[in-house]
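**Q** My questions all concern the structure below.
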Amino acid sequence: MPPTAAAAPAVRVRGLEKSYKELEVLRGVDFDVDRGSIFALLGPNGAGKTTVVNILSTLLAADAGAAAVNGFDVASDPDRVRESISLTGQFAAVDEVLTGRENLVLVARLRHQPDPGGLADGLLARFSLTDAGSRRVATYSGGMRRRLDIAMSLIGQPSVIFLDEPTTGLDPQARLEVWAAVRDLVHNGTTVLLTTQTLDEAEHLADRIAILKDGRILVNGTLDELKRLLPPAKVEYVEKQPTLEDVFLALVGTEDLSKTKDLP
Ligand SMILES: Nc1ncnc2c1ncn2[C@@H]1O[C@H](COP(=O)(O)OP(=O)(O)OP(=O)(O)O)[C@@H](O)[C@H]1O
Ligand SMILES: [Mg+2]
């Protein structure tokens, strides 16, 4: 890696603009993502989150502005960008007919890894999928598929991982499983940029949160910084009611997240 790349933030976005015909989706988006951090891009349906991720992963060209990943410009150096990243799209990309292990081995071969089988076994263990590894993915729950997806994204040790809505459509327990897997990613210095529609996901996972609205970043900061944007809450004495999520988790159980779910 050249010295300029090592010193650069993992992701740098400046003045990014993108329209689809008359629809102006991005109107000047700016943000940086520090190396080894989790950055959440939060926004409602249609805000342009996937558009940003697709530009950063070189799948889509911006109309104006600049974006660099790992110090490499996405427009002028797309090959170096692709070598630095992995993308887990909004919809799981695992092959249903293959087993979990076969999916991992296939991707490891495609990425020219020296020991595909050993790598697959290590990843299955890391994502609590060892028992399920020999089963076809068609029998997996949503959370297991997502964990497999994330495991696949780690093959080849990309330094920046994009996760587009990693938990949309998952039940609360599966979300917790995926959150644990995502937190695990940054332990060895990987940078994660994830998109989400839910505040609590950003709150639980991210070091920094940026809110994308009307084509621009509305706010960008740590959770504490974002909370300080609002006046302090009034102190009120109320009986604390459990949230629906508390009730769901109490009934469905969260006791051992490493356990895979039994399926018929
Ligand atoms: N290829 C395309 N052609 C035309 N319009 C598009 C295209 N891709 C996205 N759009 C539109 O651009 C806007 C932003 O889409 P994008 O998928 O980036 O939003 P998003 O924030 O990822 O939304 P979601 O939360 O639903 O995934 C939407 O209005 C969408 O309909
Ligand atoms: Mg999207």
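A quick yes/no check of all residues on (1) assigned to a strand (DSSP E or B); (2) surrounded by fewer than 19 Cβ atoms within 10 Å (Cβ to Cβ); (3) near ligand 1 (Cβ under 10 Å from one of its atoms):
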residue: Leu26; (1), (2), (3): yes, no, yes
residue: Ala40; (1), (2), (3): yes, no, no
residue: Gly46; (1), (2), (3): no, yes, yes
residue: Val52; (1), (2), (3): no, no, yes
residue: Ile55; (1), (2), (3): no, no, yes
residue: Ala61; (1), (2), (3): no, yes, no
residue: Gly65; (1), (2), (3): yes, yes, no
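Here's the yes/no breakdown for (1) in contact with a helix residue (DSSP H, G or I) (Cβ under 7 Å, 6 or more places away or on another chain); (2) within 16 Å of ligand 2 (Cβ to nearest atom):
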residue	(1), (2)
Glu22	no, no
Leu26	yes, yes
Asn45	no, yes
Asn54	no, yes
Thr58	yes, no
Asn70	yes, no
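**Q** Hey, another quick one. Cβ contacts < 6 Å: first residue hydroxyl-bearing (Ser, Thr, Tyr), restricted to segment 114-139; second residue part of a helix (DSSP H, G or I), any location; separation 6+ or different chain. Result?
**A** That search, which allows pairs on different chains as well, returns Thr130/Leu124.
**Q** Related question: Out of the residues in segment 174-199 that are exposed (fewer than 14 other Cβ atoms within 10 Å of the Cβ) and in contact (Cβ under 8 Å) with a residue 40 or more places away in the chain, which is farthest from ligand 2 (Cβ to nearest atom)?
**A** Per the criteria, the residue is Gly189.
**Q** OK, next. Just name the residue that is farthest from Ile55 (Cα to Cα) out of those in segment 120-158 that are under 13 Å from the mean Cα position of the chain (by Cα) and small (Gly, Ala, Ser).
**A** Ala151
**Q** Within segment 13-24, can you find the residues that are more than 7 Å from ligand 1 (Cβ to nearest atom) and of a type in the set (Ser, Thr, Tyr)?
**A** Ser19
**Q** Any residue that is closer than 21 Å to Leu249 by Cα and surrounded by 21 or more Cβ atoms within 10 Å (Cβ to Cβ) - is there at least one of those in segment 204-220?
**A** For segment 204-220, residues closer than 21 Å to Leu249 by Cα and surrounded by 21 or more Cβ atoms within 10 Å (Cβ to Cβ): present.
A short reminder: the numbers here are calculations on the coordinates, not readings from a lab. Note that the structure is predicted; figures quoted are calculated from it, not measured. For neighbour counting, all protein chains shown are included, and Cβ atoms are generated from backbone atoms with ideal geometry for every residue, glycine included.
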